[in-house]
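The structure appears right after this line, and notes come after that.
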Amino acid sequence: MAQKYGSMANGAPNASGFTCLICETSPVSWTWSDAHGEAMCTKCGTPYQLIQRDEDKNIIDALPSINITEKWVPVLKQYWQETQRFTGLGAIMIWRDYPECDAGQEAVYRWVDEHPAVVPAS
Ligand SMILES: [Zn+2]
């Protein structure tokens with residue numbers, strides 16, 4: 001991972017001992033994205049919210065929650081099973097720090113375009 005401090009996500013509360021919902025890696029190794037508190041599984045690139053806050057902005061004790069809309073989770077599982085490719089779907093602002101996310105997102109979007117039957121109803 002190119003992001004300089006990405007691996008520090010592994011020290012976030014509740015980051016350890018988690019099983020990825022997409023690639024089933026356990027425990028997940030994390031790398032931060034550019035969104036506050038969001039990290040990606042280093043194996044498959046699925047983004048999760050590691051640091052979660054309540055309405056008063058206090059950090060809450062919660063397990064990582066996947067930052068993928070529920071209806072797209074089975075699509076990403078199928079993509080992982082077919083390609084074993086890193087998607088890098090975290091929120092990225094400075095692309096030069098994340099060349100693997102640039103390539104991963106482009107590949108997954110292309111795959112979805114080539115597999116229109118997998119696109120969930122809106
Ligand atoms: Zn994963």
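Derivation of every value follows stated rules applied to the coordinates shown; laboratory data play no part. All figures in this text were calculated on a predicted structure; none of them were measured in a lab. Cβ atoms come from the backbone with ideal geometry, glycine included; neighbour counts cover every protein chain shown.
General observations
- Measure of compaction for region 14-63 (Cα Rg per 2.2 N^0.38 Å): 1.15
- Cross-link partners for Lys4 among the lysines, with Cα-Cα distance under 18 Å and sequence neighbours closer than 8 places in the same chain left out: Lys43.
- The chain: angle of helix 99-114 to the longest principal axis, Cα-based, in degrees nearest 10: 40
- Euclidean distance between Cα centres, region 62-122 to region 1-50, Å: 15
- Projecting the Cα atoms of Met93, Asn67, Val28 onto the charge dipole of the chain, computed from C-beta unit charges around the Cα centre, puts Val28 farthest toward the positive end.
- The angle between the Cα long axis of helix 73-83 and the longest principal axis of the Cα atoms of the chain comes to about 70 degrees, rounded to the nearest 10.
- The chain, dipole about Cα centre (Lys/Arg Cβ +1, Asp/Glu Cβ -1), debye to the nearest 20: 200
- The share of Cα pairs per 10 Å bin across the chain, counted from zero up to the longest distance, runs 14, 45, 33, 9, 0 percent.
- Each residue, Met93 and Lys43, gets one label point 7 Å from its Cα in the Cβ direction; the gap between the two is 3.1 nm.
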